[in-house]
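The values are calculated or read from the model by the stated rules, or taken from the named source; none is laboratory data. Keep in mind it's a predicted model, so treat the numbers as computed, not measured. Quick reminder, even Gly has a Cβ in these numbers, built from the backbone with ideal geometry, and neighbours come from all protein chains shown.
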Amino acid sequence: MLARSRLAGLSARSVRYVHTILHRALKDAVRWGRLVRNPCEAADPPRASAHVGGQIKSWTADTLAEFLERSRTYGDRYHPLWVLLATTGARRGEILGLLDGPTSIWTPAGPTCAKP
């Protein structure tokens, strides 16, 4: 009961993360002979689809258009990056992968973008 009340304020994602860390640590304890079995295997962490709280807030199409227009007008060096994020549906990690490594689109002056 005490453990449940302490975790009551955590999101489902945080609880899953704690469960994952404990499960791995206790798995090692079983492997090393410190425990007979892993108690985390009997626990049911929240499902990934369980979401407590409000809805995700996103910009309207008009708000996004205004942001992109202002970004372009004011010469924001990240403008090509904002357009890429807004128009491709790519995940943050995928975009970050483009900014580093052999396929980098990043230059010291900012992202490079071929002008039409």
Among residues of segment 32-47 being of a type in the set (G, A, S) and either closer than 22 Å to L10 by Cα or modelled with pLDDT under 90 (or both), the residue surrounded by the fewest Cβ atoms within 10 Å (Cβ to Cβ) is A42
Sole residue being at pLDDT 90 or above, surrounded by 11 or more Cβ atoms within 10 Å (Cβ to Cβ) and of a type in the set (A, V, I, L, M), chosen from A29, A61, A50, A12
A29
Being exposed (fewer than 10 other Cβ atoms within 10 Å of the Cβ) and either at pLDDT 85 or above or more than 29 Å from A12 (Cβ to Cβ) (or both) is the filter here, so list the residues in segment 64-97 that pass it.
T73, Y74, G75
